[in-house]
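The values are calculated or read from the model by the stated rules, or taken from the named source; none is laboratory data. On a predicted model such as this, the values are computed, not experimentally measured, just so you know. Note that we place each Cβ from the backbone using ideal geometry, even for glycine, and neighbour counts take in every protein chain shown. These accessible areas exclude ligands, DNA and RNA; they are computed on the full protein's heavy atoms, side chains included. Shrake-Rupley method; radii C 1.70, N 1.55, O 1.52, S 1.80 Å.
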Amino acid sequence: MAKTKTSAFFCQSCGYESVKWMGQCPGCKEWNSFVEELVDRKSLSTSGKLKPASGAKPVPLSAIHALDEERVSTSMPELDRVLGGGIVKGSLVLIGGDPGIGKSTLLLQVCRNLAAKEISVLYVSGEESLQQIKLRAERIGSFTDKLTLLCETDLDSIRGVIEQGKPEIVVIDSIQTMFHDSIASAPGSVSQVREATAVLMQIAKGMGISIFIVGHVTKEGVVAGPRVLEHMVDTVLYFEGDRHESYRILRGVKNRFGSTNEIGVFEMRTEGLAEVENASEYMLSGKPKDASGSVVACSVEGTRPVLLEIQALVCHSYFNNPRRTATGTDFNRVNLLMAVLEKRLGMQLSDCDAYVNIAGGIRMNEPAIDLGIVLAIISSKLDLTIDEHMICFGEVGLSGEVRGVSMAEQRIQEAAKLGFSTCILPEVCKNAVHGTEGIRLIGVSNVKEALQVISH
Ligand code: TYD
Ligand code: MG
């Protein structure tokens, strides 16, 4: 008979499997992350129990009638948008993020909203006691009896409770605390996390229950990162933000039922998370007036334009290797843009320290903010203040050309809505946009022209 229980070594940060111990993981290059785990080859995730029980038959695509997915609104438009329009029945949603960022708070608020709509919700916590959840709930507000709580970490008992109570939505907080008897290794290890997700997936798909899973991400690799289960779930959302700042960004990374790269902006208040509808206004609050090195750029996240302030500080360097940093954007991109300025504008930057920062702690990597970075650097270097009612967007290429970007109209409309009077944009976009009254458009085709515009 084939041996079903074997042991293998798993990288606790990425899930790489190896027959022998290794110092460094070949998958994610993490050091000292391998832990030996007993693997039951007959376990759910590997035994094929998840395959359809009856004989699988292929069907032609035309014979399938597409049903409109049933979606339930969470009464939080910011979250609904990231989910692609609401919670899809029978979907598995993973919410990842650093500890303390607000995952439990967000989900408890979602539970409250759903329970208020007479939808039965089960909140399973493996981390907090019922009293702790009650304390948190008291900060958030009042709850109806449609929400039931359970403190449990054994997946078999949880499955029993779900089968008995048949809730429509289940929250599992967090996947790292759950365990299944068939796996010998400790909760939080890669095989436990994988197995637990497989069980939850069976419940979700089999019974048509939508399940939210909370997953912690730790850099140390002590707890298995939820990255190993990203491919198993339908939707992956990441909750980001600085724990010391009050706002949080919920970002869609994978979504089988909607577009990714949507963001939802929240603010952590004393009474829970509040939605920030006008993200641009929020990002721009506190922008200095008449300061050089500060410019407003427009980036698009999913379908939504977000205005943000880009700051640069360029000053003389007293070292052979000038110091450069980029906060909130790509460091290499900043270096590249500085090289473009050096070459195409003849600007002496090689002996300058440069610090580029996207104010507000948000991360933006869209190429459309290139022009903003370039103008902020020029403005700081030449000590030129940029009109505070001006915004810009555009991609900058290696020959210093300003290239067109998508969704120019939406960007301009967002700027006009927030009271900006001038917009510097790529020449090609200027010729293509229509219906943008109330804001002056200045088309530029290279960085030289952009410099001329701001030096007036
Ligand atoms: P929490 O949801 O417990 O984080 P996670 O589940 O992601 O680990 O959030 C914890 C933080 O949020 C904690 O530091 C306290 C803060 N908080 C508020 O500021 N206001 C509130 O109303 C609540 C409930 C929490
Ligand atoms: Mg929590």
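Just a few scattered comments:
- Within the accessible area of the chain (1.4 Å probe), percent carbon and sulfur: 51 percent
- Qualifying chymotrypsin sites (Phe, Trp or Tyr not before Pro) for segment 288-395 [loop in DSSP, other Cβ within 10 Å: at most 11]: Y318, F319
- With respect to the chain, whose longest principal axis is taken over its alpha-carbon atoms, helix 190-207 is tilted by about 80°.
- To the nearest ten degrees, helix 331-344 and the longest principal axis of the Cα atoms of the chain are 20 degrees apart.
- Gyration tensor verdict on segment 106-154 (Cα atoms; rounded if a/c is under 1.5, prolate if a/b is larger than b/c, oblate otherwise): oblate
- Ranking S246, G264, G165 by how far each Cα lies toward the positive end of the dipole of segment 164-284 (charges on Cβ) leaves G165 at the top.
- Counting only heavy atoms of the protein chains and using a 1.4 Å probe, F239 has close to 10 Å² of accessible surface.
- Cβ-Cβ FRET estimate between A274 and E409, R0 fixed at 25 Å, reported to 0.05: 0.25
- Calculated FRET value between E342 and V428, using beta carbons and R₀ = 25 Å, to 0.05: 0.50
- Relative to the longest principal axis of the Cα atoms of the chain, helix 103-116 runs at roughly 70 degrees.
- At R0 = 22 Å, FRET efficiency that the Cβ-Cβ distance of D145 and S73 yields, to 0.05: 0.60
- Per residue, in Å², the accessible surface of the chain once ligands and nucleic acids are set aside, probe 1.4 Å: 47 Å²
- More than 17 Å apart - percent of Cα-Cα pairs taken over segment 278-386: 50 percent
- Cα-derived Rg to Rh of segment 114-232, Kirkwood definition: 0.97
- Gyration tensor (Cα) of the chain, equivalent ellipsoid semi-axes in angstrom: 46, 27, 21
- Taking E163, E70 and ordering them by how much accessible surface each has at a 1.4 Å probe, largest first, produces E70, E163.
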